[in-house]
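Written out below as structure tokens is the structure these notes cover.
Computed from the coordinates by the stated procedures, all read-outs in this text should not be read as laboratory data. Quantities reported herein were computed from a predicted structural model and do not represent experimental measurements. When we count neighbours, we look across all protein chains shown, and the Cβ atoms used for this are built from the backbone with ideal geometry, even at glycine.
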2 protein chains.
Amino acid sequence: MEKQSVTIYTVAREARVSMATVSRVVNGNPNVKPETRQKVLDVIKQLNYRPNAVARGLASKKTTTVGVVIPNITDPYFAELALGIDDVASMYKYNIILTNSDSDDEKILKVVRSLLAKQVDGLIFMGHDVSDDLRNEFESTNTPVVVAGSIVNNDALPSVRINYQAAAKEATEFLLKHGDQQVAYITGPLRYSINGEDRLNGYKEAMANNNVAFNESLVIETDGSYQAGYAKAQEVIEKGLKAAYVTDDSLAAGLLNGLTDAGISVPDDFELISSNDTNYTKVVRPTITSITQPLYDLGAISMRLLTKLMDGDDSNDDEKSVILDHGFVERQSTRK
Amino acid sequence: MEKQSVTIYTVAREARVSMATVSRVVNGNPNVKPETRQKVLDVIKQLNYRPNAVARGLASKKTTTVGVVIPNITDPYFAELALGIDDVASMYKYNIILTNSDSDDEKILKVVRSLLAKQVDGLIFMGHDVSDDLRNEFESTNTPVVVAGSIVNNDALPSVRINYQAAAKEATEFLLKHGDQQVAYITGPLRYSINGEDRLNGYKEAMANNNVAFNESLVIETDGSYQAGYAKAQEVIEKGLKAAYVTDDSLAAGLLNGLTDAGISVPDDFELISSNDTNYTKVVRPTITSITQPLYDLGAISMRLLTKLMDGDDSNDDEKSVILDHGFVERQSTRK
DNA sequence: TTGAAAGCGCTAACAG
DNA sequence: CTGTTAGCGCTTTCAA
């Protein structure tokens, strides 16, 4: 009992007009006599006609679909951005092909190619890194690309982010001003420029500003996970550290819980500041003092920027990159 | 400097073969002489030819894309399912159009229609409810649909889930056996059948089994959010309650923190069990005892089932619905 | 205001 | 093993 599909041709025949006319009314073209329009509309409703977006895409070379690559949907940081992206996308009548990249360069390349093959009108890339092959791919396509959050070393591409270096500097100085001389820098992979350059530079800058020598052994690298944070509590205790600026909320939450479970009292015995202001920082106890980022807006504005690019609005090449304001919120993981 | 797009025709001409042959090579059709294949492959590489998936979709009536509707990406429960879906999808070479529905019936209908217009090969629906219009939509399309998690009143549609009633019953009985006679049922919206029927029935069943009368005032309805849980702590304290089975992890986490911040000690003064075993239950302190669900698998198996349906494998109509095993894990929010 | 007709780039018989 | 030929369902000139 396969339903017979009703096409634009069926409608045209039934309404005794041409396909062109049907196409016009479907697309809201004003050059149609009201009576004709009504007649067509009636037939469309009666037949329950639904335009085939694939055919439309082929003919018009627009798919009203944008690709979004995300390292991991279950990461609250990126999920929040994705929410902003999706909201604005649907506001502009775009659908989103969302693909997990697992931060794996091979897979990233694969999905980007697949997205491009599907003729997405634009692409939003979230990730920690842009490999050479990927950069190549982006440069050799006409499809506009926007980088959202997390990447900086990338002036070639339009991007939306905050000033990670300044934020890290402020967080570190906050700790320094509390008299913590040995502020650790506990981080996700340093090969990601956001960790290995921007934030680390901010950290160093704060140290320099306060005349405390940079100490390599205070830089503690992890994979950025909750588990890694939990496990590092031991090392932190052994080293007798008293404070840390942490680059990821999951990492910070893990560290916090590891410390607490080991009998260390935060913030009395240890002060902690994190970077992303995701739910992690608010759900744990004590809550975590953090740099704040407009997560939703980071995504929303990326998508908004992309719509402009897709509309061919290259007018202001100067503002291809958008830096949003960040903030800072004191919670319970630091002392008053 | 718009790049001239290279089509199958360009390749055919350059390789001095027909489009059909190029198509065969691209699609791995074995009926091509090795030398010819090589020649075509060379030209493809040289021209950097990429097949246009939209054209392919139009011609073949397959888009290798599936639609996924999700209430909210940032909800860890659904995000985990989405991860499973995406992994299996990419395993089977499908892309995913992921759309947030905000649990809004109007919007759900809109996105489902849009997905169908885009000729997705299949659809995975995550949500709390299926409105009449939506059910209608699903029934009048040939596109296979699988419901993943959360919905039960829906025997018409293939679905993948756990036995929510049995799980709720076990959780409630655990509390009852601890001597808590006044076990509250703190829930998200009761209009969702999963809360208003399945879990509630499990709760009642447990009460009946243990000869404790069902008490309407122990059923506390909320919107299911962390904030709602936090706020409800007050009411719980005023009512002098000592234990609760909670239907959502965010809700449970909020309640827990609300209680703790109000000076109530969990589990000494109050026992708490939650339902979904998301990160929430593991990150808070005390950690939350919970029903466990194979979240990732729920998604993965939904997608796997969908691939079968898309392949037209209607062979076993009997097992259209899959019920996965659930479990239970004791953590710190209940006494030993 | 409307229609005819030429594609969009590819797949899928069918014939050879 | 390979080529020819219709489409897939729609948009978009171009004329009328």
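Of note, B:Val54 satisfies the criterion of being under 24 Å from A:Ala53 (Cα atoms), within 16 Å of DNA strand D (Cβ to nearest atom) and buried (at least 18 other Cβ atoms within 10 Å of the Cβ). Among the residues that make up segment B:141-152, is at least one of them of a type in the set (Gly, Ala, Ser), out of contact with any Ser or Thr (no Cβ under 7 Å at 6 or more places or on another chain) and within 25 Å of B:Asp198 (Cβ to Cβ)? Yes, there is a match, as at least one residue in segment B:141-152 is of a type in the set (Gly, Ala, Ser), out of contact with any Ser or Thr (no Cβ under 7 Å at 6 or more places or on another chain) and within 25 Å of B:Asp198 (Cβ to Cβ).
Which residues, taken from segment A:78-104, are charged (D, E, K, R), surrounded by fewer than 23 Cβ atoms within 10 Å (Cβ to Cβ) and under 17 Å from the mean Cα position of the chain (by Cα)? Residues satisfying the conditions are A:Asp87, A:Asp102, A:Asp104.
In segment B:46-93, what residues are within 16 Å of DNA strand C (Cβ to nearest atom) and aromatic (Phe, Trp, Tyr)? Answer for segment B:46-93, where residues must be within 16 Å of DNA strand C (Cβ to nearest atom) and aromatic (Phe, Trp, Tyr): just B:Tyr49. Check segment A:258-269 and report whether any residue there is under 23 Å from A:Leu200 (Cβ atoms) and under 27 Å from the mean Cα position of the chain (by Cα). No, every residue in segment A:258-269 fails to be under 23 Å from A:Leu200 (Cβ atoms) and under 27 Å from the mean Cα position of the chain (by Cα). Inside segment B:114-135, residues that are away from chain A (no Cβ under 11 Å) and among the polar types (S, T, N, Q) make up a count of 1. Does any residue in segment B:21-49 that is within 21 Å of B:Ser60 (Cα to Cα) and of a type outside the set (Gly, Ala, Ser) come within less than 6 Å, Cβ to Cβ, of a residue that is within 8 Å of DNA strand D (Cβ to nearest atom) and not in a helix (DSSP H, G or I) six or more places away or on a different chain, and which pairs are these? These pairs meet every condition: B:Arg24/B:Val32; B:Val25/B:Val32. Scanning segment A:200-211 for residues that are surrounded by 16 or more Cβ atoms within 10 Å (Cβ to Cβ) and of a type in the set (A, V, I, L, M, F, W, C) returns A:Leu200, A:Ala206, A:Met207. The helices (runs of 4 or more DSSP H) found entirely in segment B:1-89 that carry 2 or more residues being within 14 Å of another protein chain (Cβ to nearest Cβ) are B:34-47, B:53-60. With respect to B:Thr99, is the statement that it is within 16 Å of DNA strand D (Cβ to nearest atom) and facing chain A (nearest Cβ under 9 Å) true? The answer is no for B:Thr99. If we scan segment A:173-188, do we find a residue that is within 28 Å of A:Ile85 (Cβ to Cβ) and not in a helix (DSSP H, G or I)? Scanning segment A:173-188 turns up at least one residue that is within 28 Å of A:Ile85 (Cβ to Cβ) and not in a helix (DSSP H, G or I). When segment B:102-113 is filtered for residues that are more than 10 Å from chain A (Cβ to nearest Cβ) and either under 20 Å from A:Leu81 (Cα atoms) or in contact (Cβ under 8 Å) with a residue 24 or more places away in the chain (or both), the ones remaining, listed by number, are B:Ser103, B:Asp105, B:Ile108, B:Leu109, B:Val112. For segment A:158-172, the set of residues classified as surrounded by fewer than 21 Cβ atoms within 10 Å (Cβ to Cβ), more than 30 Å from A:Gly122 (Cα to Cα) and in contact with a strand residue (DSSP E or B) (Cβ under 8 Å, 6 or more places away or on another chain) consists of A:Glu170 only. If you go through segment B:191-220 and keep only what is closer than 14 Å to B:Gln165 by Cα and in a loop (DSSP other than H, G, I, E, B), you end up with just B:Tyr192.
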